[in-house]
Every structure is written in structure tokens, then in C-alpha cells.
């Protein structure tokens, strides 16, 4: 069955619908691989053997009776554990949600299931998606399948690992400041953050509501297009889910990018970027040029303020969103003396339930929203956010897409940045802008480093123009094979023991 | 902008976090250096710039019509303590 693991979602779907393999066989292979590798990579918080096999068997019966359920019929997928799943524990990798079993499904879960996908489990993340390495998970960090002593990136690290390690062809993540694209880049897979509002967030455990967006992690851009067209579109349960028409992204993958205008913000790349990353990026640009794209420089004068404004706005929104975790409605409540007050219950539950990074961000967000500091920090950040959006508006008058590295370095070692939160924040330097401006962006692997670590680059598009960035990424992948590289994880797993 | 222990204790109170002494010490240092870093935005002139609170270019309104919602029983079942039959979440005594 090991060859099934190497198939892309599109190819796997074809083989299932032709009757070449059954959904049960595919699901069983994915479950076996998840169990076999999870000890080494810690990608999964929970693996739902029973639910997945039951669903696969139903799908096989439907197919035998002459039909397929939808475009993802029988395809195994994994979900970041901040997406609510009915009857299946959802923790956001936080102790404060220990024992919480949602009574409802996120809209994206409903849509995947309706399309025929088989959900095999929930993946590890930085607690409440706050982090860039998965080291903030209350349940241990995930490990990069290319080098087990390194981070797979975060916060959707478990989803990136599940795809990179060939356990599933696709997983969902969420991206608030880079949490889909950064782990995709560090793990050697594709990560797409759709336009703000493109995908319903009903059932996504909220972190920063003006920035959060759900998207796919896959091995090919074509697979990302397939997933996006299933999960995108308006939803009465989420007022921010846009009513903008959802095109057939798959049909837009023509392979033709002749005349595509690609802007490069050179000034942003002037310092702090690893030489191997710059080299990989340059080569990717040359490949795009070879396919007929026209590369020119663009200026994003306020991009260098991305990290400060992101960490002001995201923490402010987080301090508000996470106020709901108070020991009353879900999950964990601190053990208390019988005469303890309600306030003590709140304070003790939150101190014991949240990890250090979440507390740090709640504290920062509470501070910047507090009387006397609101104007200097929160309001000011919102104004600079406007200036950054205007930079992109101007750039997109001249170019169709903007290309940048996804991260300043390849995957860093576990433990390398955990003592210095600010250093960790700087790992998001190239990804936060797309969230602040609400734009779609896709990361895909380019040339690896000499040490064999994946390096990603990203293409950002105009609002609601995922079609163009997917077409560019797909054209790139038709002419390169970086995305087909597989880590030899079994031998590494043995070597570490 | 430097931050004092008193500031951190005041914020923790607002955020309903009973921090340990070690956490107060650590956060005083770490939050201080993060604030120092983000302070760079105050060098920009933003007079007259409209703030961005979200990037939606359409109103978020929808018709206010009743729709099915989660059952009270299911929601209460997810709580740490509840009186499910009575339809109540249980919390420590609030009024003496």
C-alpha cells in the first residue's frame, strides 16, 4: 500500500472512482501510516480509526451502488485541531480545552465530508495557533520529517507534517500571520492562505478575527485548488464569509503564465535573509521568467512594519476572543476550595489552563487595548495597517502577483528560539503582510538547502484572485520537481532511537 | 516604553490571570522588550489616516431571521459542571 501514500489527491481520487482501489484500502493505509510515524513526528493529536473506517465503508457502498458522493470521494484528510468536529475531541493543543467535545462541526468539516472526504484525525498546533514552531503545543512539539531535530514550523505544523510525511494528501490549517504558509515552506509542501472572507470560519476556534483564515496544505497546487473549491463560499453561519462567486479553480490551471507580471519587493529582502533562501528564491524567479512571466521590482514601503502591527492587532483581538475560556462553558476548570469565588475560579482556570505564549499574548493584547494605551498602540497599528494595504493597492496597479520568500531561513532547531519570543515572531516577517492586507498567498517548495532542508517561496495575489496565484504555482510545479521530493522518514525515525 | 511589575499585575487582573511570581518577573521583562520593539510604529506620521479594523469591502449585515441552533442539552454536556436537566451551567456561588 505504500505507493498510495505518494499519490496526489487528484490521482488518488481518480483511482478510487475508477474502482482501482477502495476508500477503505486508502483510509486503512493512511491510518496505518499515521500510527507508524506519529511516534517520530507527533503530527496527530488524535487519530479517528473507527470514524474514518466507518465513513470509508459507507463511501465504498455508495460507489458500488453506482455513484460517488463528490469530488473528494474516499480521499483521507487531516484537520488542524482548532477546527470543531462533532463528537471528536477538539483541543487547539491547549490544556484549557482538555476533554472538550464539540456538539457541532465547523462549516469546512461539513463541506469536506459532503464532498466525500474521510477525516482521519486532528493535527497538532501551537496552542490556539499562537506560534511559529508547534513548540507552544501543550502536547509536545511536532517534528520536521526532513530533520527530526528541527521544527516543521507552525502553527499548523501537524497538518504540514501529515502531508509532508505522506500520511494524507491534504490537510486543513489556519493562517493568522503565516500559520499555513510558514510550516508548508519549512516542511516542503504547498500551503494556501485564501483571501480574507473566502472560506467560512464557523467552527474555527477564533484567534484574531480580522486576520484568521482557513486553507489547505497539500503537495501540489492542483490539489490545493481542488480543496479550495470545496471549502470556499458564503455561509449563513459566518457573517465574514464572502458572497463573492467561487470559480472553478481547477479549471483555471492552464499552465500558461506568459505575460504574467510578477513584482518583487527587493527592499524587503535586503537584510536578515539566509543566503540559501535567497538563492532558492532567485532560481524560482528565473523559472517563472522562463515560462514567460515578466519580473519587475515593486515597493512596499510599510512592509517592514508588518511584524509590529501584526503583534499589536493580533494580540488585541486574541485577548478579546480568548476571554470566553473561563471554566464555565467548555473544557477545563481548575480544582478549587469549596468557598472559592467566581473570580478566583476564572483566574485560576485561565492561569493553569493556558500556556506561556498564550498568556503572554493575552497580556500584551489587554495592555494595548487598555485605557491610556489604546491610541498609541492599537489605533496606531490600525492606521499603519491602512498604509500597508495602500502599498499593496499601488503595487497591484503595476503587477498581477507579488513574489517573496516565505520564511527568512529554513527550518530552525527545536528549542532554538523558545527563550526569546521576539526572535520567534520575526520568523513571520514575510507572511504577516498578506493577512494584514487580506490577500491570498500560496507557498510552494523551491530548491532545497545544501543540508537538504526544504525552502519555500510565496506568491501573493489581489483580493479574491486565488485563481491567478494557483495558476502560477501550478505552472511552476509542472516544470519543477521540488514538490515531489519525499523525506526518507522511516530511516530517520530509526536513526534517532 | 518600559513596563513595571505593577503594570503587569494590573494587566493580569484585567485579563483574569492569576500569574505566579515567576510569571510576573518573566512577563515584565519579555513584554517590555516586545513593547520596545513595536514602539517603532510611533515614528510614522499617520495624521488623517483611517484605521483598518477589517478588510471586508461589503457590509456584514444579514437578515435577522430565526434559524436552527445547537440544542441546550448538547451545549451543557460540554461544560465542566452543569445541571443539564435544569438547563444551567454551574459556577461557584456569586451572591452570599
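At-a-glance table
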item	result
Residue A:311 vs. criteria closer than 30 Å to residue A:265 by Cα, touching a residue at least 12 places away in the same chain (Cβ under 8 Å) and either facing another protein chain (nearest Cβ under 8 Å) or surrounded by fewer than 22 Cβ atoms within 10 Å (Cβ to Cβ) (or both)	yes
Positions within region B:14-32 being over 27 Å from residue A:333 (Cα atoms), more than 7 Å from every other protein chain (Cβ to nearest Cβ) and free of Cβ contacts under 8 Å to residues at least 24 places away in the same chain, in sequence order	B:29
Lone qualifier among A:363, A:345 - being out of contact with any helix residue (DSSP H, G or I) (no Cβ under 7 Å at 6 or more places or on another chain), under 23 Å from residue A:94 (Cα atoms) and at the interface with chain B (Cβ under 7 Å from one of its Cβ atoms)	A:345
Residue ranges of helices (runs of 4 or more DSSP H) in region A:23-139 with at least 3 members free of Cβ contacts under 8 Å to residues at least 40 places away in the same chain and surrounded by fewer than 18 Cβ atoms within 10 Å (Cβ to Cβ)	A:23-41, A:49-64
Matching residues, region A:387-396, being under 23 Å from residue B:39 (Cα atoms) and either surrounded by fewer than 21 Cβ atoms within 10 Å (Cβ to Cβ) or away from chain B (no Cβ under 14 Å) (or both)	A:387, A:389, A:390, A:391
Only listed residue being within 11 Å of another protein chain (Cβ to nearest Cβ), surrounded by 15 or more Cβ atoms within 10 Å (Cβ to Cβ) and out of contact with any helix residue (DSSP H, G or I) (no Cβ under 6 Å at 6 or more places or on another chain), chosen from A:328, A:294, A:358, A:277	A:328
Region A:417-442: number of residues that are in contact (Cβ under 8 Å) with a residue 12 or more places away in the chain and more than 25 Å from residue A:210 (Cβ to Cβ)	2
Any hit, region A:397-416, residues being surrounded by 19 or more Cβ atoms within 10 Å (Cβ to Cβ), within 14 Å of chain B (Cβ to nearest Cβ) and out of contact with any strand residue (DSSP E or B) (no Cβ under 6 Å at 6 or more places or on another chain)	no
Residue satisfying condition, being in contact with a strand residue (DSSP E or B) (Cβ under 9 Å, 6 or more places away or on another chain), farther than 22 Å from residue A:104 by Cβ and outside any helix (DSSP H, G or I), within set A:211, A:172, A:186	A:211
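For every residue, the table says whether it meets (1) closer than 24 Å to residue A:86 by Cβ; (2) modelled with pLDDT under 90; (3) surrounded by fewer than 10 Cβ atoms within 10 Å (Cβ to Cβ); (4) in contact with a strand residue (DSSP E or B) (Cβ under 8 Å, 6 or more places away or on another chain).
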{"site": "B:53", "(1), (2), (3), (4)": "no, no, no, no"}
{"site": "B:64", "(1), (2), (3), (4)": "no, yes, yes, no"}
{"site": "B:82", "(1), (2), (3), (4)": "yes, no, no, yes"}
{"site": "B:85", "(1), (2), (3), (4)": "yes, no, yes, no"}
{"site": "B:88", "(1), (2), (3), (4)": "yes, no, no, yes"}
{"site": "B:93", "(1), (2), (3), (4)": "no, yes, no, no"}
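One line per residue, one yes/no per condition, for (1) in contact with a strand residue (DSSP E or B) (Cβ under 8 Å, 6 or more places away or on another chain); (2) at the interface with chain A (Cβ under 7 Å from one of its Cβ atoms); (3) surrounded by fewer than 15 Cβ atoms within 10 Å (Cβ to Cβ):
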residue: B:7; (1), (2), (3): no, no, no
residue: B:12; (1), (2), (3): no, yes, no
residue: B:34; (1), (2), (3): no, yes, no
residue: B:47; (1), (2), (3): no, no, yes
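The values are calculated or read from the model by the stated rules, or taken from the named source; none is laboratory data. Keep in mind that what you see is a predicted model, and the values were worked out from it rather than measured. So basically every Cβ, Gly included, is an ideal-geometry build from the backbone, and we count neighbours across all protein chains shown.
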